[in-house]
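Below is one structure, written out as structure tokens; the observations come after it.
The values are calculated or read from the model by the stated rules, or taken from the named source; none is laboratory data. Remember, predicted model here, so these are calculated numbers, not experimental data. Here the Cβ positions follow ideal geometry from the backbone for every residue, glycine too, while neighbour counts run over all protein chains shown.
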Amino acid sequence: MSNDGAPAPLDRQSEPTPPPPSQPAPGNASDGSVLPHSNGNSTNDNGGQQNGVMVPSNVTHRLRLNPNADHKPDNYEDLDLDFSPFLFSSLERYLPPNLLPLSRDVKVRYMRDILLRYSPESERIRLQKHREYRQKIISNYQRLHRELYTMHATTFFVPSFLKAINENTEQGFRNIMSEPTPGIFTFEMLQPRFCEMLLAEVENFEKWVHETKFRIMRPNTMNKYGAVLDDFGMETMLDKFTEEYIRPISKVFFPEVGGSTLDAHHGFVVEYGMDRDLDLGFHVDDSEVTLNVCLGKQFSGGELFFRGVRCEKHVNTETQSEEIFDYSHVPGRAVLHRGRHRHGARATTSGNRINLLLWCRSSVFRELRKYQKDFSSWCAECQREKKERQHQSVAAAKLELLRRGETAT
Ligand SMILES: O=C(O)CCC(=O)C(=O)O
Ligand SMILES: [Fe+2]
């Protein structure tokens, strides 16, 4: 696909986006909590009497307007829930203070009641089906390298990357990174041995898929090959990957797109070659921050091309010459960029190229974005329009001053 046309939004094919952890703010209560918006006719509610009006009991459930940053939320990973356990941990910080010391069960019930109102039935069924799909794979697929399924930082990452993560300072990150164009960071990340093991695991998984004729979901709307790592058991490991290794960097370099609140991910591999996908058209990712690491093998071509960051409204606006940037993949080396940084991948002209992708998301950022129109802190076109407006108002003020000067003389 050409890089001149309009970028397509690249969505993941299989999994719906989790519902937001915070509620929209239709009515601020005086105690700083937010009264969730509801017309009260949800079929999941138990009726209750309030002020003489029949309302569902959970209409009275409130969340705080701002999260309690000092509160350490419970872990919900061992429970069988109809939403992601991480969503419950995020949402817990928004609970009214009197609920925080209560048992997990009480908190889960409270939060679930709120979440259910924002999750349509069809979405819930889809989530449930997807959970069953994953469960089927996980209970039948024989893992090749068990050590890949839990985080072993020293065998996964190169020492320079681990040192920067431990330092956790902007300078420490800059020491190992290059930023060849604003907002695109590249750095050595994965150990060659880890890349080899992950390649072998993916190959083993695909062999199993082929032998059992299991119909798997592909990673997104544009790749016909590749596999979703979260679907065959790597979700917990990739959660840690996102929270402990990508979020600290994103907090420093991408704070304006929710870099410090990344709380969900979609992890997958994409495969290119003569017998695989050839290239990837111009698109934006369904992520706030994307990590893209080449795992190998031998290949030529496959360069990434970037064309500036844009919000939804401006996604099809023209590219400025300074926004043109091309990057050639190097095995083990990571590229970190905003999901809204328009990009694509040129044809892999020989050999096979396999890349690890981690689309990192922030549910807080997604929720807040719904109430905003101006994204000049990260969209280059919003920024240009804002400057233009400022320029025009300065010009108008100058003209007005001149006019006043003329009438005074
Ligand atoms: O092939 C690549 O390196 C780019 C992949 C990509 O942009 C994506 O999957 O979102
Ligand atoms: Fe992408």
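Is at least one residue of region 358-368 at negative phi and out of contact with any Ser or Thr (no Cβ under 9 Å at 6 or more places or on another chain)?
Filtering region 358-368 down to residues at negative phi leaves 358-368.
Okay, now just the ones that are also out of contact with any Ser or Thr (no Cβ under 9 Å at 6 or more places or on another chain), so none.
Among the residues of region 358-368, not one is at negative phi and out of contact with any Ser or Thr (no Cβ under 9 Å at 6 or more places or on another chain), which makes the answer no.
Rundown of residues vs (1) at pLDDT 95 or above; (2) within 30 Å of F214 (Cα to Cα), yes/no style:
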position: L102; (1), (2): no, no
position: V108; (1), (2): no, no
position: H145; (1), (2): yes, yes
position: T154; (1), (2): yes, no
position: T181; (1), (2): yes, no
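Sort out which residues of region 170-189 are touching a residue at least 40 places away in the same chain (Cβ under 8 Å) and either over 19 Å from L304 (Cα atoms) or not assigned by TED's automatic domain parsing to the domain that holds L148 (or both), and write them in order of number.
E170, F173
Taking F282, is it part of a strand (DSSP E or B) and more than 9 Å from ligand 1 (Cβ to nearest atom)? First the steps, then the outcome.
Working: part of a strand (DSSP E or B): yes; more than 9 Å from ligand 1 (Cβ to nearest atom): yes.
Answer is yes for this residue.
Search region 285-307 for residues being more than 16 Å from ligand 2 (Cβ to nearest atom) and not in a strand (DSSP E or B), and hand back the single one that is surrounded by the most Cβ atoms within 10 Å (Cβ to Cβ).
Per the criteria, the residue is K297.
Residue check, A334 against (1) surrounded by fewer than 17 Cβ atoms within 10 Å (Cβ to Cβ); (2) touching a residue at least 60 places away in the same chain (Cβ under 8 Å); (3) of a type in the set (A, V, I, L, M), all met but one. Which one?
(1)
So that you can scan it fast, the table gives a plain yes or no per residue for (1) farther than 19 Å from H283 by Cα; (2) within 13 Å of ligand 2 (Cβ to nearest atom); (3) part of a loop (DSSP other than H, G, I, E, B):
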{"residue": "H337", "(1), (2), (3)": "no, yes, no"}
{"residue": "G344", "(1), (2), (3)": "no, yes, no"}
{"residue": "T349", "(1), (2), (3)": "yes, no, no"}
{"residue": "L356", "(1), (2), (3)": "no, yes, no"}
{"residue": "W359", "(1), (2), (3)": "no, yes, no"}
{"residue": "Q372", "(1), (2), (3)": "yes, no, yes"}
{"residue": "S376", "(1), (2), (3)": "yes, no, yes"}
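Would you confirm whether any residue within region 308-324 is in a strand (DSSP E or B) and over 15 Å from T181 (Cβ atoms)?
To start, the set of residues in region 308-324 that are in a strand (DSSP E or B) comprises 308-309, 324.
Of the ones still in play, those that are also over 15 Å from T181 (Cβ atoms) are none.
No: zero hits.
Identify all residues within region 254-278 that are more than 25 Å from Y76 (Cα to Cα) and within 12 Å of ligand 2 (Cβ to nearest atom); write none if there are none.
Within region 254-278, the subset more than 25 Å from Y76 (Cα to Cα) is 254-257, 269-278.
V270, the sole residue that qualifies.
Which condition from (1) surrounded by 15 or more Cβ atoms within 10 Å (Cβ to Cβ); (2) within 21 Å of L291 (Cβ to Cβ) is the one that L115 breaks?
L115 satisfies every listed condition except (2).
Please go through (1) within 16 Å of ligand 1 (Cβ to nearest atom); (2) in contact with a helix residue (DSSP H, G or I) (Cβ under 8 Å, 6 or more places away or on another chain) for S250 and return the number of the only condition it doesn't satisfy.
(1)
With a cut-off of at least 1 residues that are crowded, with 18+ Cβ neighbours inside 10 Å and charged (D, E, K, R), name the helices (runs of 4 or more DSSP H) lying wholly within region 160-274. Let's see the steps before the verdict.
On the way: elements: 170-176, 192-212, 235-240, 247-253.
Here the list reads 192-212, 235-240, 247-253.
For E288, are the conditions met, namely being closer than 15 Å to S362 by Cα, in contact with a helix residue (DSSP H, G or I) (Cβ under 7 Å, 6 or more places away or on another chain) and acidic (D, E)? Before you say what the answer is, go through the steps one by one.
Numbers: closer than 15 Å to S362 by Cα: yes; in contact with a helix residue (DSSP H, G or I) (Cβ under 7 Å, 6 or more places away or on another chain): yes; acidic (D, E): yes.
So E288 passes the test.
Being closer than 28 Å to R310 by Cα and within 16 Å of ligand 1 (Cβ to nearest atom) is true for just one of R389, R366, R361, R384. Which residue is that? Outline the logic, then answer.
Details: R389 fails: within 16 Å of ligand 1 (Cβ to nearest atom); R366 fails: within 16 Å of ligand 1 (Cβ to nearest atom); R384 fails: within 16 Å of ligand 1 (Cβ to nearest atom).
Criteria check complete, one pass: R361.
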